[in-house]
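The values are calculated or read from the model by the stated rules, or taken from the named source; none is laboratory data. If you're wondering where the values come from, they're calculated on a predicted model, not measured in any experiment. Don't worry about glycine lacking a Cβ; one is built from the backbone with ideal geometry, like all the others, and counts go over all protein chains shown. For the accessible areas, the whole protein counts, side chains as well, though only heavy atoms, and no ligand, DNA or RNA atoms are used. Shrake-Rupley method; radii C 1.70, N 1.55, O 1.52, S 1.80 Å.
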Amino acid sequence: MYQRLQVNEHINVANCLNGIGVAFSNLSDFNKSLKFHMASLDMYKRLKIDNNQNLADCLYYIGDVYNNLNDNKNELKYKVEALDIYRRLDIKNSINVANCLHDIGNAYCNLNDYEKSLKFNQEALKIYNKLGLKDHIKVANCFNSIGVACNRLGHFEKSIKYYIQSLLMYKRLNANQEFDICLNNINLSNESLK
């Protein structure tokens, strides 16, 4: 589309393409979203922008699109690239790094690599705590993800501990759908203990 407008390549154009990709994701049109994010990524590369927060965000959003398309391998690929850039930008304890770590952990869980899932989610939780996020949906999700990984690794009592932390936080946050999912996870872990 930007070619039809005969706009020169510029970081602002790449950022705009990325924003359009986000808008299509918000509309659940993931194929169009991916098209615009990839056009943005291509432009960043042609402009030789390789250590920039906008590029990291673009890679993260591409990973999100792949997550919504149930393609965990590609999600992992792009989110690991984003994480690498966020870390090179020396924003180690940022919400972006924590979100990346959590999402990477969940992708590993979906790929049945529960050890890595546990590792990445625990690292994300440490950063969320350093950032002072106490009663926050991201922290509750992290507790739940750690519970899932522990459960899949056969650490049922440990998983219940994390699920309960998650459950209590979901309740305080009035996150009813997440609360129900977590309650179901607790029931599954209790069944495994029998």
Problem - Test result for Cys58, in contact with a Lys or Arg (Cβ under 8 Å, 6 or more places away or on another chain) and in contact (Cβ under 8 Å) with a residue 40 or more places away in the chain - result: no
Exercise for the section: Filter segment 107-145 for residues that are over 24 Å from Glu81 (Cβ atoms), open to solvent by less than 50 Å² (accessible area, probe 1.4 Å), assigned to a helix (DSSP H, G or I) and among the hydrophobic types (A, V, I, L, M, F, W, C) and give the result. Expected result: Val139, Ala140, Phe143
Problem - Selection status of Arg46, open to solvent by 50 Å² or more (accessible area, probe 1.4 Å) and within 27 Å of Gly147 (Cα to Cα) - result: no
Fill in the blank from the handout: Counting only residues that are hydrophobic (A, V, I, L, M, F, W, C), over 11 Å from Cys58 (Cβ atoms) and at pLDDT 95 or above, segment 1-38 contains a total of 6
Exercise for the section: Mind listing just one residue for me: the one in segment 49-99 that is assigned to a loop (DSSP other than H, G, I, E, B) and either in contact with a Leu (Cβ under 6 Å, 6 or more places away or on another chain) or open to solvent by less than 30 Å² (accessible area, probe 1.4 Å) (or both) and, of those, nearest to His136 (Cα to Cα)? Expected result: Ser94
